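*Asks:* One structure follows; several queries about it will come next.
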Amino acid sequence: MESNRRIIDTKGAVIISSSSVVGGKEFEGPLGGCFDFHDPSDRFGQKTFEKSEGEMQRLSLASAIGKIGARPEDIDALFAGDLLNQCVSSAYGLLEYDIPYFGLYGACSTAAEGLMLASVFVSRGIARRAAAVTSSHNAAAERQYRNPLEYGGQRTPTAQWTVTGAGAFVVANEKEVTPDTVLASVVEAFPGIVVEKGITDAANMGAAMAPAAADTLLNFFAASGSSPDDYDMIISGDLGKEGMSILGEILSASGIDASEKLADCGTMIYDLEAQDVHSGGSGCGCSAVVLASHILPQLRRGELSDILIYGTGAMMSPSSLKQGLAIPAVAHLLHLRSPEAKYK
């Protein structure tokens, strides 16, 4: 059967602003100096962790809009999501914004999914400017999916540490902005499909997500006629150390050597040895804050020219875990270029 999966042309869509908000552990990591805001207490002035996460979203979006001297009414569409049931952190955190709201659940792929949809809206002329925002909070996620932090449960070596952070992005049509405001061009996008390979261990999301990552990458390379050699970096968000190892094995078995190009937001954000995060970072906020604070500035400065970044999400729920179901996963891919490289 012929596949109906196609590369989405998003030429004309450019990222013109981004902002990142993180907690204390993230600020203490290797990228601590890159983030816009942090709170060592992880509370952000709120009484509950869920409200803290909502406040991170509000703050990151306000910052991203403010950086370009825009107002909320200048944004035509808002794509937002988080890890919590019914995406409550997004809904409550963004209540003050009178912007058409599209709630998303892509687990850790939400940043890529939101940016993809924002870019489609802008490149097709549906919106002049669109925003994408997402978040995760370690304490809120642990309480929902595993055990409250007070329980003190033992974590296995394959486990990842949910990032406390929120990232926001503003996407515009390049015809509506001046070149000096562009952080990166969104050249094309490739949506993923749901893949499930029998992994039931919620403490090994890297193993659950790696097959979906490989599926997206292999199909994108086939559809585009490109190879890993055509890109400066191929960045996952976020497989962690365990998932990256499995991905490398799958790609190698398929005849593709991408070992020199592969990188992962979950292993960038923490010092894996000094911070005791086991396999690395995870959560919606992980790839969002690394992209917003670390990768986009490199593209803007021309240190990176041509990259692929793909978000990997483990699409489990508290109920599915209790029922012992295998964990389905998805990976959405974006092709970004620096303002200098633009369209080759």
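We did not get these values from a lab; they are worked out from the coordinates using the rules stated. Note that this is a predicted model, so its numbers are computed, not measured. Glycine also receives a Cβ, built like all others from the backbone with ideal geometry; neighbour counts cover every protein chain displayed.
*Asks:* If you plug each phi of the stretch 62-70 into the Karplus form 6.51 cos²θ - 1.76 cosθ + 1.60 with θ = phi - 60°, what whole-Hz ³J(HN,Hα) values come out, in order, with x for Gly and Pro?
*Replies:* Using θ = phi - 60°, the values come out as 4, 5, 4, 5, x, 4, 9, x, 9 Hz.
*Asks:* May I pose another question? Most exposed first by the Cβ proxy, i.e. fewest other Cβ within 10 Å, how do Arg143, Arg301, Arg129 rank?
*Replies:* Result, fewest neighbours first: Arg301, Arg143, Arg129.
*Asks:* Starting from the 7 Å offset along Cα-to-Cβ, what nm value, one decimal, do you get for the label separation of Gln46 and Val194?
*Replies:* My value for the distance between the label points is 2.8 nm.
*Asks:* Using a Gaussian network model of the chain whose springs link C-alpha atoms within less than 10 Å, name the residue from Asp215, Asp230, Asp82 with the highest mean-square fluctuation.
*Replies:* Highest fluctuation among the options: Asp230.
*Asks:* While we're on this one: Over the alpha carbons of the chain, what is the largest minus smallest coordinate on each principal axis, giving the biggest first in Å?
*Replies:* Taking max minus min along each principal axis of the Cα atoms, the chain gives 53, 51, 38 Å.
*Asks:* Write down the percent of antiparallel bridges among all DSSP beta bridges whose residues are both part of the chain, to the nearest 5.
*Replies:* Of those bridges, close to 60 percent are antiparallel.
*Asks:* Using Cβ contacts closer than 10 Å as the measure, can you line up Lys11, Lys175 from fewest to most? If you can, show how the numbers build up before the last one.
*Replies:* Numbers: Lys11 14, Lys175 9.
Going from least to most buried by this count: Lys175, Lys11.
*Asks:* Does the stretch 158-261 classify as rounded, prolate or oblate by the C-alpha gyration tensor (a ≥ b ≥ c root eigenvalues; a/c under 1.5 gives rounded; else a/b over b/c gives prolate, otherwise oblate)?
*Replies:* Oblate, because a/c is 1.5 or more while a/b does not exceed b/c.
*Asks:* Excluding residues on the same chain fewer than 8 positions from Lys11, give the lysines whose Cα lies under 20 Å from its Cα.
*Replies:* Lys175, Lys342, Lys344
*Asks:* Let me ask something else about it. Using only C-alpha atoms and all pairs of different ones, pull out the Kirkwood radius for the stretch 187-337 in Å with one decimal. Intermediate values should be presented prior to the final figure.
*Replies:* Details: mean 1/r = 0.0643 Å⁻¹.
Its Kirkwood hydrodynamic radius stands at 15.6 Å.
*Asks:* Take the eigenvalues of the Cα gyration tensor for the stretch 1-40, scale each by 5, and report the square roots as semi-axes in whole Å, largest first.
*Replies:* Each semi-axis is √(5λ); the values are 37, 16, 8 Å.
*Asks:* Specify whether the C-alpha gyration tensor of the stretch 16-83 places it in the rounded, prolate or oblate class, a ≥ b ≥ c being the square roots of the eigenvalues: rounded for a/c under 1.5, otherwise prolate if a/b is larger than b/c and oblate if not. Kindly include the intermediate steps, with their values, before the conclusion.
*Replies:* On the way: a/c = 2.28, a/b = 1.42, b/c = 1.61.
Oblate, since a/c reaches 1.5 and b/c is not below a/b.
*Asks:* A follow-up question, please. For Glu96 and Val177, what is the calculated FRET efficiency with R₀ set at 30 Å and r taken between the beta-carbons, to the nearest 0.05?
*Replies:* For Glu96 and Val177, the calculated efficiency is 0.75.
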